[in-house]
Amino acid sequence: MSKRRNHDAGFKARVALEAVKGERTVSELAAEYGVHPSMIYQWKKALLEGASEIFERGGKKAEVDEETMRSLHTKIGELAVANDFLSRKLKPWTGK
């Protein structure tokens with residue numbers, strides 16, 4: 001029995017776009033890319049259903065609010081301090 005594979009979004013979009021074009025059958029695409037035809041049908045359906053969202057948002061990415069950005073910067077600062085502290089404490093054991 002084969003192990004499940006996780007395909008990235010770019011791969012799914014590429015295969016779904018080829019399916020939408022209709023130049024080759026879904027069976028041919030499935031054989032070429034090594035995925036089950038039902039997966040291609042699902043990706044094609046998701047592409048067609050989600051395509052309108054691109055135009056509704058105007059093609060722009062969602063904005064991150066100021067509070068979230070501030071908390072992320074705080075977390076980055078905390079992690080940088082911890083990383084610096086640990087790297088100094090590990091120097092005697094690593095010999096660097």
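Compute the relative contact order of the stretch 1-54 as a whole-number percentage, counting only Cα pairs closer than 8 Å that sit 6 or more residues apart in sequence.
Details: 31 pairs, mean separation 19.1, N = 54.
Once normalised by length, the contact order is 35 percent.
In a GNM of the chain with a 10 Å cut-off on Cα contacts, which of LEU47, LEU17, LEU72 has the highest mean-square fluctuation?
Comparing LEU47, LEU17, LEU72 in a Gaussian network model of the chain, the most mobile one is LEU72.
Given the stretch 7-51, what whole percent of its Cα pairs are spread farther than 14 Å? Intermediate results must be reported in sequence, preceding the final value.
Numbers: 375 of 990 pairs.
The proportion of pairs with Cα distances above 14 Å equals 38 percent.
Once you charge only the Cβ atoms, +1 for Lys and Arg and -1 for Asp and Glu, what is the size of the charge dipole of the stretch 1-87 about its Cα centre, to the nearest 20 debye? Don't skip to the answer; put the middle values down first.
On the way: 14 positive and 14 negative charges, 96 e Å.
So the magnitude is around 460 debye.
Between VAL35 and residues 5 or more places away or on another chain, which pairs have amide H atoms under 5 Å apart, with H built 1.01 Å from N, and which residues are they?
Amide H to amide H, under 5 Å and 5 or more residues apart or across chains, VAL35 pairs with nothing.
Of the GluC sites (Glu not before Pro) in the stretch 1-90, which ones lie in a loop per DSSP and count no more than 12 other C-beta atoms within 10 Å?
Working: sites: GLU18, GLU23, GLU28, GLU32, GLU49, GLU53, GLU56, GLU63, GLU66, GLU67, GLU78; in loops: GLU23, GLU63.
When the GluC sites (Glu not before Pro) of the stretch 1-90 are filtered for loop state and at most 12 Cβ neighbours within 10 Å, GLU23, GLU63 remain.
In Å, what is the Rg of the alpha-carbon atoms in the chain, and how long is Dmax?
22.9, 64
Values quoted throughout were computed directly from the atomic coordinates according to the rules given, and no laboratory measurement underlies them. No experiment lies behind these values; they were computed from the predicted model shown. Note that we place each Cβ from the backbone using ideal geometry, even for glycine, and neighbour counts take in every protein chain shown.
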